[in-house]
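First comes the structure, then the notes that go with it.
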Amino acid sequence: MPTQRFIVSLFVAVAVILGSRCAVEVAIAAEPFMLTSSAFQDGTPLQKKNSGDRKDNPNCVGENVSPPLSWSNPPAGSKSFALTMVDPEGRGGQGVVHWVAYGISVSVTGFAEGEVSKPSEKYVGGKGSAGAGTYQGPCTPRGAPHHYTFTLIATDLEPTDLPPGLTREELFAKLTGHTKGATGLVGLFGSP
């Protein structure tokens, strides 16, 4: 990212020198579509409280509190967002879908800690591997940590265009031809 920041700084300097509004617009457009969290950096561990809390699974050691997420600089033409959380190593490499959400208005720029652990007016709940329409935290078996990939997709669909309860695969089929761009964030988690 330092190279991108340098390029943006260069455009801003050119705009100042030339007094050109055009160069400023180019500099603003150069900002990348980004998904971030104030609780963890890309490629670092999620907190224990972010783990699932299912009592029937000894690998669920947390409180099922969703981490805070925020995003910026959506691609031009975006009307809504979809957000998924997937553990590609889960179920012996077959993957586990922990959360599917969509119909997120372009005016929404993030979710507070714990906000998506329950239904919300801000998103339409899809269906994860366990059938839930809300965030379901990691329940990682002992061993190497798994990679929990949050993927935010910008779409040209209106927030009300898709019905509730879509699986990740069904959502992706309906998003074909309607995506404007995507960004991701990976959190690690392993049971103690």
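The values are calculated or read from the model by the stated rules, or taken from the named source; none is laboratory data. Keep in mind it's a predicted model, so treat the numbers as computed, not measured. Don't worry about glycine lacking a Cβ; one is built from the backbone with ideal geometry, like all the others, and counts go over all protein chains shown.
Points to keep in mind about this one:
- Among the residues of the range 131-148, the ones that are touching a helix residue (DSSP H, G or I) at 6+ places or on another chain (Cβ under 8 Å) and in a strand (DSSP E or B) come to 1 in all.
- Criterion (assigned by TED's automatic domain parsing to the domain that holds LEU185 and farther than 20 Å from GLY137 by Cα) met by exactly one of ALA82, ALA76, ALA101, ALA112: ALA76
- Evaluation of GLY77 against (1) in contact with an Asp or Glu (Cβ under 6 Å, 6 or more places away or on another chain); (2) more than 30 Å from HIS178 (Cα to Cα) (one fails), failing number: (2)
- Selected residue [within 19 Å of ARG168 (Cα to Cα), surrounded by fewer than 19 Cβ atoms within 10 Å (Cβ to Cβ) and in contact (Cβ under 8 Å) with a residue 24 or more places away in the chain] from GLU89, GLU113: GLU89
- One residue stands out in the range 129-167 among those that are polar (S, T, N, Q) and touching a His at 6+ places or on another chain (Cβ under 6 Å): the one that is modelled with the lowest pLDDT, namely THR140.
- When SER120 is tested against the conditions (1) at pLDDT below 95; (2) over 19 Å from SER80 (Cβ atoms); (3) under 17 Å from the mean Cα position of the chain (by Cα), the lone failure is (2).
- Restricting the range 39-80 to residues that are loosely packed, with under 14 Cβ neighbours inside 10 Å, over 17 Å from HIS147 (Cβ atoms) and modelled with pLDDT of 95 or more, the residue that is nearest to the chain's Cα centre (by Cα): SER72
- Qualifying residue in the range 168-190 (condition: surrounded by fewer than 19 Cβ atoms within 10 Å (Cβ to Cβ) and modelled with pLDDT under 95): yes
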